[in-house]
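The values are calculated or read from the model by the stated rules, or taken from the named source; none is laboratory data. Every value quoted in this text rests on a predicted model; they were computed, and no experiment measured them. Methodologically, a virtual Cβ is constructed for each residue, glycine included, from the backbone with ideal geometry; neighbour enumeration extends over all protein chains shown.
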Amino acid sequence: MKYLKNNLLIILIFTFLLSFITYKTLDYKQEYELSFKSEQSYYSEKCSNTTNISERETEICKQWQLSLEEMEKPDFFETLSNIISSKISILDSICILFLVIPSLFLINQIFKDQVLINMLTRESYSKFLRKLFTKVYRYIWLFPTLLIIFIGLLLSFTKLNLSIDVFSSNDNPILFLICYVLNSLIVSGIYLNIALISLRYKHNYVVSCITSFIVYLALVLFFQIGIDYVLIQNTLEIDGLVGLFTMTGIFDVNTWRELSILPILLINISLYIILSLGVYLIYKNKEKLIIDCEKNNKEEV
């Protein structure tokens, strides 16, 4: 009961996201099956009687039959791309909130000056930071777990062709899936580092969540407009890099760009390292943190 009470928020969020993704995936599956049955019915109507059709029409019917046999199970990667772009694309723009809201819940109470001072009298500052970062990072598993379930759900009704290049980018299918899940972990780390930076200066739960989202939007605009559009496309005019520096989300990593996932993953890892360094620099001064917490209390009074 205590575990359920302490983790109720993340359980609700996980249940909602899993239900949403499952519903949208099954909805796409139903649409595909209806489309396939329609094609099959039309084929049966046109090609059921082969005695009164020409040789050319007979050949067309044979090709049609082969095409229907190929279509009976949808391709995994095509299905992945279609579901992300048409069914769950909205999630990428708000994924950070689903991670930040439960991770920062009640964390701001630590920054009440008396609470912080009492904690620091019992333990070292480094131990305090380890506990703080652990509390914020405790739900980093959320999106990798959802993505693994999502992939498993797709595999249950699609065919995974291991001999093809993924999205024309020369990615190995298995390597792509591994990097896809790993990227969700790295991007989750980016979101949580943004939350830690916001929390350092905004010791109010609601304000820190909103600030995290605003900082995230600013980063997205910087990468998509400043780096990708202005620098890459218009200034340097390097077609091969277009889309590479667009800050990607949890789900839509490489489903519409003909780019390999590896450089995208490396760019996200680099951004994660830079933000981690930023977190280290802004939290390293113990005295300044205490002073800022005291200021918060004076403002409340």
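Is it fair to say L175 is at pLDDT 95 or above and either crowded, with 18+ Cβ neighbours inside 10 Å or part of a helix (DSSP H, G or I) (or both)? Give the derivation first.
Details: at pLDDT 95 or above: no; either crowded, with 18+ Cβ neighbours inside 10 Å or part of a helix (DSSP H, G or I) (or both): yes.
No: the conditions fail for L175.
Quick one: in the stretch 26-42, of everything that is surrounded by 12 or more Cβ atoms within 10 Å (Cβ to Cβ) and of a type in the set (D, E, K, R), which residue is farthest from K73 (Cα to Cα)?
Checking each candidate, the answer is D27.
Go through the stretch 182-213 and give me each residue that's within 22 Å of the chain's Cα centre (by Cα) and either farther than 14 Å from S103 by Cα or without any contact (Cβ under 8 Å) to a residue 12 or more places away in the chain (or both).
L182, N183, S184, L185, I186, V187, I210, T211
May I ask you to verify whether F105 is closer than 25 Å to N6 by Cα, modelled with pLDDT of 70 or more and part of a loop (DSSP other than H, G, I, E, B)? Give the derivation first.
Working: closer than 25 Å to N6 by Cα: yes; modelled with pLDDT of 70 or more: yes; part of a loop (DSSP other than H, G, I, E, B): yes.
Spelling it out, F105 is indeed closer than 25 Å to N6 by Cα, modelled with pLDDT of 70 or more and part of a loop (DSSP other than H, G, I, E, B).
Can you tell me which residues in the stretch 214-232 are within 22 Å of the chain's Cα centre (by Cα) and crowded, with 20+ Cβ neighbours inside 10 Å?
Y216
Only residues in the stretch 26-38 that are more than 16 Å from L153 (Cα to Cα) count as the first member; pair them with residues that are of a type outside the set (S, T, Y) and part of a helix (DSSP H, G or I), Cβ under 9 angstrom, at least 6 apart or cross-chain, and list the lot.
S35/M71; F36/L68; F36/M71
Specify which of the listed residues (L162, L147) is touching a helix residue (DSSP H, G or I) at 6+ places or on another chain (Cβ under 6 Å) and within 18 Å of P74 (Cα to Cα). It would help to see each step written out before you state the result.
Details: L147 fails: within 18 Å of P74 (Cα to Cα).
Residue meeting the stated conditions: L162.
Name the helices (runs of 4 or more DSSP H) wholly inside the stretch 188-301 in which the number of residues that are modelled with pLDDT under 85 and over 26 Å from T121 (Cα atoms) is 2 or more. Outline the logic, then answer.
On the way: elements: 205-221, 261-283, 286-300.
It comes to 261-283.
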